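No lab work stands behind these numbers, since they all come straight from the coordinates. The model shown is predicted, which means the values in this text are computed figures rather than measured ones. In this analysis, Cβ positions are derived from the backbone assuming ideal geometry, glycine residues included, and neighbour counts consider all displayed protein chains.
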Amino acid sequence: MYLLIVTLPLLGSCVAGAFGRFLSSRGTAIVTSTCVSLSFILSLIAFYEVALEASACYIKMAPWIFSEMFDASWGFFFDSLTVIMLIVVTFVSSLVHIYSISYMFEDPHSPRFMCYLSIFTFSMLMLVTGDNSIQLFLGWEGVGLASYLLINFWFTRLQANKAAIKAMLVNRVGDFGLALGIMGRFTIFQTVDFSTLFACVSAFSEPYHYLIFCNMKFHAITVICILLFIGAVGKSAQIGLHTWLPDAMEGPTPVSALIHAATMVTAGVFMIARCSPLFEYPPNALIVITFVGAMTSFFAATTGILQNDLKRVIAYSTCSQLGYMIFACGISNYSVSVFHLMNHAFFKALLFLSAGSVIHAMSDEQDMRKMGGLASLLPFTYAMMFIGSLSLIGFPFCTGFYSKDVILELAYTKYTISGNFAFWLGSVSVFFTSYHSFRLLFLTFLAPTNSFKQDILQCHDAPILMAIPLIFLAFGSIFAGYLAKDMMIGLGTNFWANSLFVLPKNEIIAESEFATPTIIKLIPILFSTLGAFVAYNINFVANQFIFALKTSTLGNRLYCFLNKRWFFDKVFNDFIVRSFLRFGYEVSFKVLDKGAIEILGPYGISYTFRKLAKQISKLQSGFVYHYAFVMLIGLTIFITIIGLWDFISFWVDNRLYFIYIVSFLFIHFERDISTN
């Protein structure tokens, strides 16, 4: 049963890829959706057995790579953390598959699309079930490949090509860090198996265990954790390597829902939670994680307030929520981070699929400035997006409230500089998240219409196959947090067993629910309410004031700064990408490829010998005294070598001459035989 959870999406993908042209679009969709849905049902059974019955499952399949101390076997490990991820991935993926049947019905290449979706799901399941670093890395690269294929699904569009290449290249930077971290772990612990590694980590946490790089000593565990975190920064779109995530909107909307809710971006958070026994020992690494996560949540929330693309606004809210998950790991609250990951999957999938419903109804229009007044035309979609937005901003008693507010309270009760930094930056991010969420609702559904008449006439609400996934996700966005709170993060719960590890010195002893002052508890709610109030006034009431602000010098510069995403792309292009391109052309191509390699390579050597042979052939003059002169020079050189033989034999091994003579005689003998 456990193996079927992983292999069923692969089976559906193979069938769709090999026989899609024979099964038709509808047949392919039914096969892939059925396989992923069965995987979800089996995941529920696995959740009952592993998490509720406290019976972890370990399956050792077969040897894969075995060389001296290096042993990476095919193995699957199912514990509480794994089964939670299985439910999230398979549930959201099943709904996305069902949604895509209707959304991609008119696309002639929908079998290929369904094949790629199933590959995405299979790769993520491989990532979360692997029992060693190499298998995790295989799934890690698999989701990167699937994201490239899906973002570039409409490959005739230039922007889709550019976005897919950008996602692949930016993730390569993070993957390089992850690969170095895995190599460092093997160097120190001589194993890539998680259970063995976590059992040994406490013995290697002392300062005298170090790595030497450029004749400098670095604390081994700290370096390894920082390198692993670089991998998480790339995959989970933290500040610095986040630039690929908004551009990934060029793919079809179901792809965006799958990337942002269940797969790809959650891989980094999962990897940190899985390696919690490793991350707990270096305090400096945890501080770095906390600061990066808090800055990401603030940066993404502020950037989203002035974006005009419907999906891009939701993408930046994803980036902000990932910042919350990361800094929750940084303050050693992995359980709350995974709880928020699960909650976020529900309301973020709901928001993206609702946005897809709007785009589908508006003839593929994504600019919110060309919408408005859709609440009366799309009442069901409006209700779904409203529920998702309330859950996103942490409105009381919605799913997001039960994890987002707990993360902020835990950061406050950490009583450290990094904890307070994360709390205040996260609280301010709540205001901006609330603002851009309600701005999206106002501009799309409530503002006076600014749409084309043809789009209004063709506008229609979500069909039944698109509506069913939205209804399930809406229920999850309202009730999932309340139903799972006590089980996953309740006081004294033993749900996680040994899957997550926190050192006693890093634990927050006082329960945040009782230790946090009331005013601190109210700050996120006050900020979210203030954000909604400001969004209403700016977009409905204070039009003259906002126009004057936008046209002023300061307002124009601020608008450009936020709308252009803090100029991250411009800085990267001008100072990094352009330098690498110049290096690649001037040095790598012109000097090395066209220069040294062509001169010293096979082509250069053969060309040199041909030219030399032409020059030597000119010595064939036909005069006897020329030949006598050459013979005299040769005899002189031969006598000189004989005279200096003892000196030469000191530097050159005599056996080389023996090999040369034998090979010469052998070639000569072989030539005589072939001649006869």
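Observations, loosely collected:
- With R₀ set to 30 Å, the beta-carbon distance separating Phe105 from Ile45 gives a calculated FRET efficiency near 0.40.
- The angle separating the long axis of helix 133-151 from the principal Cα axis of greatest extent in the chain is about 70 degrees.
- Considering only the chain, percent of DSSP beta bridges that pair antiparallel, nearest 5: 100
- Subtracting the Cα-Cα distance of Glu53 and Arg610 from their residue separation scaled by 0.36 nm leaves 192.7 nm.
- Gyration tensor (alpha-carbon) shape descriptor, the range 567-620, a/c threshold 1.5: prolate
- Using the Cβ-Cβ distance between Phe479 and Phe155 with R0 set to 56 Å, the FRET efficiency works out to roughly 0.90.
- Note on Met1 and Ile165: their simple-model spin labels are 4.9 nm apart, each label 7 Å out from Cα toward Cβ.
- Structural descriptor for the chain: relative contact order 12 percent, calculated from alpha carbon pairs under 8 angstrom and at least 6 residues apart.
- For the pair Tyr585 and Arg369, a Förster radius of 56 Å applied to the C-beta separation gives a FRET efficiency near 0.90, rounded to the nearest 0.05.
- Convex hull of the range 1-149 built on C-alpha atoms - directionally averaged projected area, nm²: 9.1
- Tail beyond 14 Å, pair distance distribution of the range 94-146 (Cα, percent): 56
- Inverse of mean 1/r across different Cα pairs in the chain, Kirkwood, Å: 28.1
- Between 0 and 90°, nearest 10: helix 379-392 axis offset from the chain longest Cα axis: 70
- Gyration tensor (alpha-carbon) shape descriptor, the range 267-318, a/c threshold 1.5: oblate
- Tilt relative to the chain, helix 464-489 - C-alpha long axis, 0 to 90 degrees, to 10: 90
- Here the spin labels are modelled as points 7 Å beyond Cα on the Cα-Cβ line, and at Val571 and Val541 they lie 3.6 nm apart.
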